[in-house]
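Structure, as structure tokens:
The values are calculated or read from the model by the stated rules, or taken from the named source; none is laboratory data. Quantities reported herein were computed from a predicted structural model and do not represent experimental measurements. Every residue, glycine among them, receives a Cβ derived from its backbone with ideal geometry; neighbour counts consider all protein chains shown.
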Amino acid sequence: MAVSNNICTHLTLGKCSCTATETEESDSNSNEVCTHLTLSVCQCTRAEIHVSSTKKRKLCHKGPFVARKKACKDLVVQEDALVVHDDDDPWKIKKVLKESDLGNMSRLMLGKDLAEKFVLPVLGDAAEIEKGVSVKIWDVDTYTMHSLVFKKWVSSRCYIFMGKWVQDFVKRRGLKKGDELGFYWDPYNSHFNFSVLRVN
């Protein structure tokens, strides 16, 4: 049998040799459960290895940053640019930069649909968003934390990130028109994660 580096992330609950020994000594109807965690080859990894020796082997569990090929991907238009939408992609908010995002108004415009689907639910109070809500943004590429204000831009019926957008992002990262950015909410740390996904 070929050696595989596949590791399964399944956790299983069952009888361990330590509980079997104790059970034999005491009562055969004991409901004791072992709390040991063990790392071993799981049925799912065995099945995957057996599928085909000619195909590239797949991992049992892929993290959110591993690209996956899917049989069917939806093409959607986001922010006037064609973007491939993949449910496994963590970068739920994608924005292709326009000239207006790079100017001296120091704001990143976000379409109403994206904001209402991915930003408003995590920020909460609509009245506060009208005034502006301070949000933390972690740049995963440079490991730096920044603060911007998210608010509704009433005149254009969209939403914006404003504040030090140009200073902390455009100039610092050397962003240009056509670059694609990604954001997603990190519920464990209560901030948005940011990355430059593609440079033009």
Worksheet item: Out of all the residues in segment 130-141, which are touching a residue at least 24 places away in the same chain (Cβ under 8 Å) and surrounded by 13 or more Cβ atoms within 10 Å (Cβ to Cβ)?
Response: 132, 135, 136, 137, 138, 139, 140
Discussion item. Just to verify a result, which residue in segment 104-119, among those that are in contact (Cβ under 8 Å) with a residue 60 or more places away in the chain and assigned to a loop (DSSP other than H, G, I, E, B), is surrounded by the most Cβ atoms within 10 Å (Cβ to Cβ)?
Written reply: 106
Worksheet item: For segment 87-103, what are the residues that are of a type in the set (Gly, Ala, Ser) and part of a helix (DSSP H, G or I)?
Response: 100
Worksheet item: Are there any pairs with C-beta distances below 9 angstrom linking a residue in segment 162-180 that is at positive phi to a residue that is assigned to a helix (DSSP H, G or I) and crowded, with 19+ Cβ neighbours inside 10 Å, with the two at least 6 apart or on different chains, and if so which?
Response: none
Discussion item. Just to verify a result, which residue in segment 132-185, among those that are in a loop (DSSP other than H, G, I, E, B) and touching a helix residue (DSSP H, G or I) at 6+ places or on another chain (Cβ under 7 Å), is nearest to residue 90 (Cα to Cα)?
Written reply: 175
Discussion item. Condition (residue is small (Gly, Ala, Ser), at pLDDT below 95 and within 19 Å of residue 196 (Cβ to Cβ)) applied to segment 140-157: is it met by at least one residue?
Written reply: no
